[in-house]
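Where a number appears in this text, it was derived from the coordinates with a stated rule and is not lab data. For clarity, every value in this text was computed on a predicted model and none was experimentally measured. Cβ placement follows ideal geometry from the backbone for every residue including glycine, while neighbour counts extend to all protein chains displayed.
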Amino acid sequence: MEPHLADLVKVLELERLEINIFRGVSRDIGSPQVFGGQVLGQALRAAYGTVESDRSAHSLHAYFLRRGDVNAPIVYFVDRSRDGHSFTSRRVTAIQHGEQIFHMSTSFQTEQPGIEHQTPMPNVPMPEALEETSLVSQVRLDALPEKARQFFSFARPFEFRVVPPTHEPAAPDSQPVQNFWIRAVDRLPDDEVLHRCLLAYVSDFHLLGSATLSHGSELQGRKRVMATIDHAMWFHRSLRVDEWFLCSNTSPSASGSRGFARGAVYARDGVLAASTAQEGLIRIVEATP
């Protein structure tokens, strides 16, 4: 397996310390703190470690409370809230240095038939028609602080193809909509739990950034602080993350130094596999005289 992807899979393999207690390690991918997607993926893996194998996660709701320290392990406590006939509920708390940095509620369900419908996938070019690109242009990358440049320049276990292939700062009146294709850089095992944990991991990439697309001129050249406050995800259908899937993100609102974004995740055949929502801090830091 490609080394970066193999390392990510290893990071999601937690050490069980007790029946409901797990420990995970972190990787520095250039972000100012532990990458939120890593904590989401590890917390979901910890919850899966306490659930019967015939049940799959269908939703999660998480809050990021403190910055994670990339140099220290993260301990995950799983509260077995309820084991019902069809549904299982878990609450996961992540601890570092004796303090909560994150907590998440997640629900699992046995597979059951029922009514089905979905919204259609946007009419966009297929990934083969697009060049492999970064979500940030070289011009914008050069203008970023060193730590931010490291984040966007870091080798990823996923590849991205943006629709349309342009990365210039958005005009003030442009729509806060972003579509891009994603897939893992190598083949993965046929493990539904692994694919859902990896989808949770990658769902944190560039979702909050959708809330800045209508403010390109306003934000250009100004220092800002961005951090996820909460993240929600619903798994509708199975999806292989080592095959191309489309993330279609939009931001309905930004206010009060917070941006809100939501996304739809489609398999390349148009099947809606998951939905996401996120609110985060977007604070402009004014220069000190």
Please express the Cα-Cα pair-distance distribution P(r) of the chain as a list of whole percents, one per 10 Å bin, running from 0 to the bin with the greatest distance. 6, 28, 37, 22, 6, 1, 0
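Arrange the following residues from fewest to most other Cβ atoms within 10 Å of their Cβ: Phe205, Phe64, Phe87. Don't skip to the end; give the middle numbers.
On the way: Phe205 18, Phe64 25, Phe87 13.
The fewest-first ordering by Cβ neighbours comes to Phe87, Phe205, Phe64.
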What is the magnitude of the charge dipole of the chain about its Cα centre, with +1 placed on the Cβ of each Lys and Arg, -1 on the Cβ of each Asp and Glu, and no other charges, expressed in debye to the nearest 20? 720 debye
So the label point goes 7 Å from the Cα of Ile19 along Cα→C-beta, right? Which residues of segment 71-99 then have their backbone N under 17 Å from it? 77-84, 89-91
Starting from the 7 Å offset along Cα-to-Cβ, what nm value, one decimal, do you get for the label separation of Glu159 and Gln175? 2.8 nm
For 51-62, 75-86, ranked highest to lowest by mean beta-carbon neighbours within 10 Å, the order is 51-62, 75-86
Select from Asp191, Asp230, Asp69 the residue whose mean-square fluctuation is largest in a Gaussian network model of the chain (Cα-Cα springs shorter than 10 Å). Asp191
Given labels modelled 7 Å from the Cα in the Cβ direction, how far is it in nm from His58 to Trp234? 1.1 nm
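Over segment 224-263, what number does the Rg to Rh ratio reach, with both radii from the alpha-carbon atoms and Rh per Kirkwood? If you can, show how the numbers build up before the last one.
Values: Rg = 13.5 Å, Rh = 12.8 Å.
For segment 224-263, the value is 1.06.
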Report the extension gain between Leu281 and Lys223 in nm, rounded to one decimal, defined as 0.36 nm multiplied by the number of residues separating them, less their alpha carbon distance. 19.5 nm
Limiting things to C-alpha atoms, what are the Rg and the maximum Cα-Cα separation (Dmax) for segment 1-110, in angstroms? 13.8, 43
Rounded to the nearest 0.05, what FRET efficiency do Arg27 and Thr110 give with R0 = 35 Å and r taken as the Cβ-Cβ distance? Could you check? 0.55
To check my understanding: the extent here is largest minus smallest coordinate of the Cα atoms along each principal axis. What are those three numbers for segment 72-132, in Å, largest first? 49, 38, 14
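Compute the Cα gyration tensor for segment 178-289, then decide on rounded, prolate or oblate, letting a ≥ b ≥ c be the square roots of its eigenvalues: rounded whenever a/c is under 1.5, prolate when a/b is larger than b/c in the other cases, and oblate in all that remain. Could the numbers behind the result be given before it?
On the way: a/c = 2.43, a/b = 2.35, b/c = 1.04.
Prolate shape, in that a/c is at least 1.5 and a/b is the bigger ratio.
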